[in-house]
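Q: My structure is below; once you've seen it, I'll send some questions.
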Amino acid sequence: MVELDHPIPAGKSIDENWNLVMDLERLVPCVQGGTVKEKVSDEEVKAEIRIKMGAMSMKFAGTVSVVEHDESAHTAVLRVKSREVGGSGHANADVTFTLDDGGGNIHTAAQITGKAASMGEGTVSTVLEALIADFANNFAAAA
């Protein structure tokens, strides 16, 4: 299990940020390489992500779901469940958004197995760290 925290840069109102978190079709593409394949409901989408780890490039496909949300507290937990396309690994994560007037925080608890995990926890952490930092910047810039 890899756990990471990232600040959400300030700049938009708490309501704008909340609306983005709850709009999975706008949120998923904030992840580099992330695309929505199908909207299942307002609280679940089927998605894919392409990730580069060193010389390896992998594609994961699965779902992103809102499993908890409290609009008055501006907190939400999204669950990512994905399998490596053409492989045996998976990448699952619970991503907790805590929003405030200064932006907020993203807490990620991820479990990675298969080829990606075989590269070592240090490499996995480094790649996740960069992916989430990039996501936080894209999230801040999203309209």
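The values are calculated or read from the model by the stated rules, or taken from the named source; none is laboratory data. For clarity, every value in this text was computed on a predicted model and none was experimentally measured. Positions of Cβ are backbone-derived with ideal geometry, glycine not excepted, and every protein chain shown enters the neighbour counts.
Q: Of all residues in the stretch 88-125, how many are among the β-branched types (Val, Ile, Thr) and either out of contact with any strand residue (DSSP E or B) (no Cβ under 9 Å at 6 or more places or on another chain) or modelled with pLDDT under 90 (or both)?
A: Result for the stretch 88-125: 2.
Q: Select from the stretch 16-30 the residues that are under 15 Å from Glu44 (Cβ atoms), touching a residue at least 24 places away in the same chain (Cβ under 8 Å) and touching a strand residue (DSSP E or B) at 6+ places or on another chain (Cβ under 6 Å) and list them in ascending order.
A: Those that are under 15 Å from Glu44 (Cβ atoms), touching a residue at least 24 places away in the same chain (Cβ under 8 Å) and touching a strand residue (DSSP E or B) at 6+ places or on another chain (Cβ under 6 Å): Val21, Leu24, Val28.
Q: If you take the residues of the stretch 34-58 that are more than 20 Å from His107 (Cα to Cα) and not in a strand (DSSP E or B), which of them is modelled with the highest pLDDT?
A: So the residue we want is Asp42.
Q: Looking only at the stretch 32-44, count every residue that is in contact with a strand residue (DSSP E or B) (Cβ under 7 Å, 6 or more places away or on another chain) and surrounded by fewer than 20 Cβ atoms within 10 Å (Cβ to Cβ) and tell me the total.
A: Residues flagged as in contact with a strand residue (DSSP E or B) (Cβ under 7 Å, 6 or more places away or on another chain) and surrounded by fewer than 20 Cβ atoms within 10 Å (Cβ to Cβ) within the stretch 32-44 amount to 9.
Q: Please pick out the residue among Ala136, Ala93, Ala130, Ala117 that is aliphatic (A, V, I, L, M), free of Cβ contacts under 8 Å to residues at least 24 places away in the same chain and in a helix (DSSP H, G or I).
A: Ala130
Q: Kindly indicate whether Asp15 is over 16 Å from the mean Cα position of the chain (by Cα) and within 30 Å of Asp101 (Cβ to Cβ).
A: Yes.
Q: Give the residue, chosen from Phe97, Phe60, that is closer than 18 Å to Ile132 by Cβ and more than 11 Å from the chain's Cα centre (by Cα).
A: Phe60
Q: Checking the condition assigned to a strand (DSSP E or B), of a type in the set (A, V, I, L, M) and without any contact (Cβ under 8 Å) to a residue 40 or more places away in the chain, which residue from Val64, Val80 passes?
A: That would be Val80, the only listed residue that is assigned to a strand (DSSP E or B), of a type in the set (A, V, I, L, M) and without any contact (Cβ under 8 Å) to a residue 40 or more places away in the chain.
Q: Report whether or not Val95 is in contact with an Asp or Glu (Cβ under 6 Å, 6 or more places away or on another chain) and crowded, with 17+ Cβ neighbours inside 10 Å.
A: Criteria not met by Val95.
Q: A further question follows. Could you list, in sequence order, the residues of the stretch 98-133 that are surrounded by fewer than 18 Cβ atoms within 10 Å (Cβ to Cβ) and within 18 Å of Ala47 (Cα to Cα)?
A: Gln111
Q: So, in the stretch 96-114, how many residues would count as being within 30 Å of Lys12 (Cα to Cα) and assigned to a strand (DSSP E or B)?
A: Of the residues in that region, 13 qualify.
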